[in-house]
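Q: Pasting a structure below so you can have a look.
Values in this text are rule-based calculations from the coordinates and carry no lab data. Computed from a prediction, not measured in an experiment: that's the story for all the values here. Glycine also receives a Cβ, built like all others from the backbone with ideal geometry; neighbour counts cover every protein chain displayed.
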Amino acid sequence: MGLFDVLRGELIDIIEWIDDSNRTLVWRFPRHQNEIKNGAQLIVRPGQVAVLVKGGELADVYEPGHYELTTQNMPILSTLQGWKYGFESPFKAEVYFVSTKQVTDLKWGTPNPIMLRDPEFGPIRIRAFGSYTLRAVDATALLKELVGTDGDFSADDITELLRNIIGSSFADLLGKLQVPALDLAAKYSELSEALRKEVVERIDDEYGLDCPQLYIVNISLPEAVEKALDTRTSMGVIGNMDTFQQYQMGQAMTAAAENPSGGGAADGMGLGMGFAMASRMMPGQGGVAPGVPAAGGVAPPPPPVAQWHVAVNGQTQGPFSLEQLATAIGSGDVGQGTMVWTAAIGGWTAAGQVPQLAGYFQAATPPPPPPPAS
C-alpha cells in the first residue's frame, strides 16, 4: 500500500458499502490497520447490515441507517475495549457488511438420479432441476458458520452446499409424499413450496440464511420409461388394434400395387397380405362368423377342411382354406400357373390344372369386349 493510501485510510471517517455485483453476501470494509476514529460516520443502506468485529469476537450490529460511532452506540465494543467515558484515539475493529436482499436466479439440480418406488412402474430413477433465491437473515450466524475471515463472500461460494441440501431435501420429500411418477407434473407448485420449507428448516438456524423462493422447473424420467409411456400413449390413440392393422395392410397393398418395379418380392408381399386380408374377412373356421352368436344347442363338429399351400418365390406359404384361396384367385394374387399343394392332389400342381380351383379361374376371367355396334 502506498503512502497516499495510508494517509487516506487514516483521514477517511466514512464507512459504507456500495455493491454492484448483486451476488455478494458479505464484504469487509478495507481500512489501513483496521483503524476507526472517534465519531466516524457509518452508513448502512437499505438491504444491508453492518457488524463490528473486535479481536475475533462479534460486537455491535447495525441495521440500515446513518450512525456516528461513539461509546453510546457501540455498547458491546465499548465493553470489550474497556471504555467507560469515551475514547479519543483511533481504535482497531473490522467492519463487515452483510447483504440482506435476495440473490436471484440461482440454479439447482439433482447431481445423481433419485430412486423412487412407483406404484405403477415399480423402482424407477428420476432427475429434477430448478431455480431458487437466497437471502441472509442472521448476520452473526452467517459470519460464524460460513464466512469466517473471508473479506468477500458471495452466493457462488456456497452454491455447491445449497445444491446438495436441496437435492437431499427433494429425495426426502418424494419418499414422504409417495406421489406417483405420472402425477408429479401436476404437482410442481405444491412440491416446490414443500421443498422450499424443507430447505429453509436446514439453512435458517444453522447458517442464518433464508430461501424466499424455490421452483421445480422439470422432473424427468429415464429414457426407457419415457419411451414406454410414448408407446402406451400411441396405443391409446390407435384404439382398436384389429381395425388399425387392417388399415395398415390396405395401405401397404396400395403402395405395392403402385410400385411396378417391385418385382417378385413385391408380388410375394402382396400375395401374403392378400391371404392375411382374406383370413380376416372370411368367417371363422368353426362355421360361425365373428360376432354372430351361435344357434341354441350344441353345434356338431365341423367337417374337415382341406389345407392348401402355395409356392411363392421358392417358399411355401400357408396353410389356407379353399375359401381363402378362392379370394386370392379373385384378387389376382394367385394365377393359373401358381403352384399349389394339398394332401388330396398329392404333389405340387399348377392351380389352373386343379379341378377344385379351375372353376374359380373361369369365374375370374373377364368377358371379351362387346362386338361393334351395327
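Q: Of Leu182, Gln213, Thr149, which is farthest on the positive side of the dipole of region 103-226, counting Cα position, with +1 on Lys and Arg Cβ, -1 on Asp and Glu Cβ, and the Cα centre as origin?
A: Comparing the listed Cα positions along the dipole, Leu182 ranks first.
Q: Starting from the 7 Å offset along Cα-to-Cβ, what nm value, one decimal, do you get for the label separation of Asp157 and Lys187?
A: In this crude label model, Asp157 to Lys187 measures out at 3.8 nm.
Q: By how many nm would the segment from Glu57 to Thr149 lengthen if fully extended, with 0.36 nm per residue of separation less the alpha-carbon distance?
A: 32.0 nm
Q: Subtract the Cα-Cα distance of Phe121 and Lys101 from 0.36 nm times their separation in residues, and report this length gain in nm to one decimal.
A: Full extension from Phe121 to Lys101 adds 2.8 nm.
Q: Along region 173-178, what does the Karplus equation 6.51 cos²θ - 1.76 cosθ + 1.60 (θ = phi - 60°) give for ³J(HN,Hα), rounded to whole Hz, x for Gly and Pro?
A: Listing the rounded values in order: 5, 4, x, 7, 7, 6 Hz.
Q: Sticking with this structure for a sec: Could you sort out which of Lys37/Lys107; Lys187/Lys227; Lys144/Lys176; Lys144/Lys187; Lys92/Lys197; Lys197/Lys227 sit more than 31 Å apart by Cα distance in this structure?
A: Those over the limit are Lys37/Lys107; Lys144/Lys176; Lys144/Lys187; Lys92/Lys197; Lys197/Lys227.
Q: When the dipole is taken about the Cα centre of region 103-226, and only Lys, Arg (+1) and Asp, Glu (-1) are charged at their Cβ, what size is it in debye, to the nearest 20?
A: On the way: 12 positive and 22 negative charges, 73 e Å.
Using Cβ point charges on Lys, Arg, Asp and Glu, region 103-226 gives about 340 debye.
Q: Using each residue's phi in region 60-70, evaluate 6.51 cos²θ - 1.76 cosθ + 1.60 at θ = phi - 60° and report the 3J(HN,Hα) Karplus result to the nearest Hz, with x for Gly and Pro.
A: Karplus-based 3J(HN,Hα) across region 60-70 equals 7, 10, 10, 7, x, x, 10, 10, 10, 6, 9 Hz.
Q: If you don't mind, there's one more thing I want to ask. If packing is taken as the mean number of other Cβ atoms within 10 Å per residue, what is the order of 115-121, 342-348, highest first?
A: On the way: 115-121: 13.6, 342-348: 11.9.
Going from most to least packed, we get 115-121, 342-348.
Q: Could you order peptides 52-59, 329-336 by the average number of other Cβ atoms within 10 Å of their residues, highest first?
A: Going from most to least packed, we get 329-336, 52-59.
Q: Give me the extension gain from Thr71 to Asp13: residue separation times 0.36 nm, minus the current Cα-Cα distance, reported in nm with one decimal.
A: 19.3 nm
Q: Net charge within 12 Å of Ala194 by Cβ-Cβ distance, Lys/Arg positive one each and Asp/Glu negative one each, not counting Ala194 itself?
A: In short, -1.
Q: With each label point set 7 Å from Cα along the Cα-Cβ vector, what nm distance links Asp205 and Ser331?
A: If labels sit at Asp205 and Ser331, their model points lie 7.8 nm apart.
Q: Can you pull the one-decimal nm distance between simple spin-label points at Leu322 and Asn218, each 7 Å off the Cα toward Cβ?
A: Label-label distance for Leu322 and Asn218, simple model: 6.5 nm.
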